[in-house]
Amino acid sequence: MIRLHCTRKLLAKLPLTESGRLRNKMPSRYAANDEADSRLSGWHANLLMLQRRQCVLFVHDRTRFPVFIPALKKNDFAELDHRFDDSFMNTLFKTGADDTLMDLGHAALGPLVCDTECDRSVQGTMNRMAQEIEWHLAYDRVPVAEITGYRLGAWLADRPCNAKGVKDCIWPVRAMHQLLRSQGA
């Protein structure tokens with residue numbers, strides 16, 4: 001499973017079971033909630049309102065790898081598992097991942113289990129990325145409803161990030177690729 005730390009704004013939109021899993025309309029391809037955390041576990045997510053559209057920005061805790069899902073409607077929140085999987089894999093592909101990394105990434109996916117725990121360092125990174133998304137959309141005059149978010153996520157991942165307790169900058173692309181490679185070893 002993938003532990004997802006949501007902001008209260010996002011959590012209010014999600015149809016969750018008592019255990020924190022999404023009530024999917026589509027059948028889940030994942031096992032029950034008692035499985036162990038995946039290597040990809042540990043994400044923060046926030047609901048953003050951009051151009052009067054609901055968007056979700058995910059940031060991986062250790063690698064600061066972003067996944068951006070634009071222009072969601074009410075029904076889309078029940079299928080956030082599937083949308084996250086698709087967006088993660090396509091963003092990973094846009095960062096230049098080879099077939100081996102793509103396979104490792106796919107194998108590490110699991111059901112999202114949501115809570116409201118937070119890490120202020122990750123939230124700071126997420127807020128900075130949200131500002132960069134707003135700037136990018138405004139500067140290029142791009143309607144958020146007309147993008148997929150994969151290229152924008154890859155663009156954000158190719159920028160250095162700071163993290164509390166980490167001396168050097170984290171490059172999200174390199175860090176995510178390294179995390180997935182270490183999983184395969």
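The values are calculated or read from the model by the stated rules, or taken from the named source; none is laboratory data. No experiment lies behind these values; they were computed from the predicted model shown. Quick reminder, even Gly has a Cβ in these numbers, built from the backbone with ideal geometry, and neighbours come from all protein chains shown.
Computed quantities for the displayed model
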{"quantity": "Selection count, the range 39-68, where residues are under 17 Å from Trp135 (Cα atoms), in contact with a strand residue (DSSP E or B) (Cβ under 9 Å, 6 or more places away or on another chain) and not in a strand (DSSP E or B)", "calculated": "1"}
{"quantity": "Arg83 vs. criteria of a type in the set (Lys, Arg), in contact with a helix residue (DSSP H, G or I) (Cβ under 7 Å, 6 or more places away or on another chain), surrounded by fewer than 19 Cβ atoms within 10 Å (Cβ to Cβ) and modelled with pLDDT of 90 or more", "calculated": "yes"}
{"quantity": "Tally, over the range 150-162, of residues that are surrounded by 15 or more Cβ atoms within 10 Å (Cβ to Cβ), without any contact (Cβ under 8 Å) to a residue 60 or more places away in the chain and over 21 Å from Asp119 (Cβ atoms)", "calculated": "1"}
{"quantity": "Residue among Leu112, Leu104, Leu179 that is closer than 22 Å to Thr7 by Cα and touching a Lys or Arg at 6+ places or on another chain (Cβ under 9 Å)", "calculated": "Leu112"}
{"quantity": "Condition met for Met129 (hydrophobic (A, V, I, L, M, F, W, C), in a helix (DSSP H, G or I), touching a Cys at 6+ places or on another chain (Cβ under 9 Å) and on the phi < 0 side of the Ramachandran plot)", "calculated": "yes"}
{"quantity": "Selection status of Ala78, exposed (fewer than 15 other Cβ atoms within 10 Å of the Cβ), in contact (Cβ under 8 Å) with a residue 24 or more places away in the chain and in a helix (DSSP H, G or I)", "calculated": "no"}
{"quantity": "Filter pass, Asp76 being farther than 21 Å from Pro143 by Cβ and of a type in the set (D, E, K, R)", "calculated": "no"}
{"quantity": "When residues of the range 62-75 are limited to those that are under 10 Å from Leu40 (Cβ atoms) and either among the hydrophobic types (A, V, I, L, M, F, W, C) or surrounded by fewer than 23 Cβ atoms within 10 Å (Cβ to Cβ) (or both), the one modelled with the lowest pLDDT", "calculated": "Arg62"}
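For (1) part of a loop (DSSP other than H, G, I, E, B); (2) modelled with pLDDT under 95; (3) of a type in the set (A, V, I, L, M); (4) surrounded by 14 or more Cβ atoms within 10 Å (Cβ to Cβ), each residue gets a yes or a no:
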site	(1), (2), (3), (4)
Ala107	no, yes, yes, yes
Val113	no, yes, yes, yes
Ser121	no, yes, no, yes
Thr125	no, yes, no, yes
Ala145	no, yes, yes, no
Thr148	yes, yes, no, yes
Lys164	yes, yes, no, no
Lys167	yes, yes, no, no
Met176	no, no, yes, yes
